[in-house]
Amino acid sequence: MKRSLSGTVVEIHGVRATVLEDDTGDRVRCRPLRDRTQLAVGDRVEVEIGTHGGRVVELAPRRGVLWRPQERGRKVMASHVDLVVAVASVVPEPSPGLLDRFLVAADAADIEILLVLNKMDLQGHEEAVAALGVYPRLGIEVLPVSAHSGMGMDALAEKIAGGLSVFAGHSGVGKSSLLNALVPGAELRI
């Protein structure tokens, strides 16, 4: 006996997706659409559950899509994104080139962006703030925070409330530490 459900893709592992069911909050592992359309985190889907598990049978129209260029075209990274949180830190020092790529990708998709400067509890934070000084002049908010001390975390929690946010940044800037501070029980590896 088959049953159908609606949900949101929350994980992708190879071609398989994990869908968070709207009604129950259950997680369901699913095979992709028969036409092999690439799924992304944030996709709204209809799933049919049969004797062989779940299969995505319909993909809702996407909005707020983040793409990554590839050798042949581009790859969908996430959809239905409301906010890109570009994370920089005092250590390692901010990388304007990478931040600029996030800004361009978010702007191209008409997605709001927030630049977070993490590790403000470390020595050298004045230099890091100065290095990011051009962004507020461009109309991009820079939010200084410290996942370690809690500085600015309430403001960050407010900014990401009520929508789908994507955290992006170099390795070591504290993305997992920020998420662990924002989501009790997340226990992401640092």
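The values are calculated or read from the model by the stated rules, or taken from the named source; none is laboratory data. These numbers come from a predicted model, not from an experiment. Virtual Cβ from ideal backbone geometry, glycine too; neighbours counted across all protein chains shown. Accessible surface areas use protein heavy atoms only, side chains included; no ligands, DNA or RNA. Shrake-Rupley method; radii C 1.70, N 1.55, O 1.52, S 1.80 Å.
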Residue count, the stretch 1-15, condition within 19 Å of the chain's Cα centre (by Cα) and assigned to a strand (DSSP E or B), comes to 7
Filter result (touching a strand residue (DSSP E or B) at 6+ places or on another chain (Cβ under 6 Å), open to solvent by 40 Å² or more (accessible area, probe 1.4 Å) and touching a residue at least 24 places away in the same chain (Cβ under 8 Å)) within the stretch 122-141
Glu141
Please enumerate the residues belonging to the stretch 105-121 that are open to solvent by less than 30 Å² (accessible area, probe 1.4 Å) and not in a strand (DSSP E or B).
Ala106, Ala109, Ile111, Met120
Mind checking which residues of the stretch 95-112 are modelled with pLDDT of 95 or more and hydrophobic (A, V, I, L, M, F, W, C)?
Ile111
When you go through (1) at pLDDT below 95; (2) within 20 Å of the chain's Cα centre (by Cα); (3) not hydroxyl-bearing (Ser, Thr, Tyr); (4) not in a loop (DSSP other than H, G, I, E, B) one by one for Gly54, which number turns out not to apply?
(2)
Any chance the stretch 61-77 includes a residue that's in contact (Cβ under 8 Å) with a residue 12 or more places away in the chain and touching a Gly at 6+ places or on another chain (Cβ under 6 Å)?
no
Meets criteria (open to solvent by 50 Å² or more (accessible area, probe 1.4 Å) and at pLDDT below 95) for Glu71
yes
List the pairs whose first member sits in the stretch 89-117 and is farther than 15 Å from Ser146 by Cα, whose second member is among the acidic types (Asp, Glu) and surrounded by fewer than 17 Cβ atoms within 10 Å (Cβ to Cβ), and whose Cβ atoms are under 9 Å apart, counting only residues at least 6 apart or on separate chains?
Ile111/Asp82; Glu112/Asp82; Ile113/Asp107; Ile113/Glu141; Leu114/Glu141
Is there a residue in the stretch 22-41 that is more than 15 Å from Gly53 (Cβ to Cβ), open to solvent by less than 60 Å² (accessible area, probe 1.4 Å) and assigned to a strand (DSSP E or B)?
yes
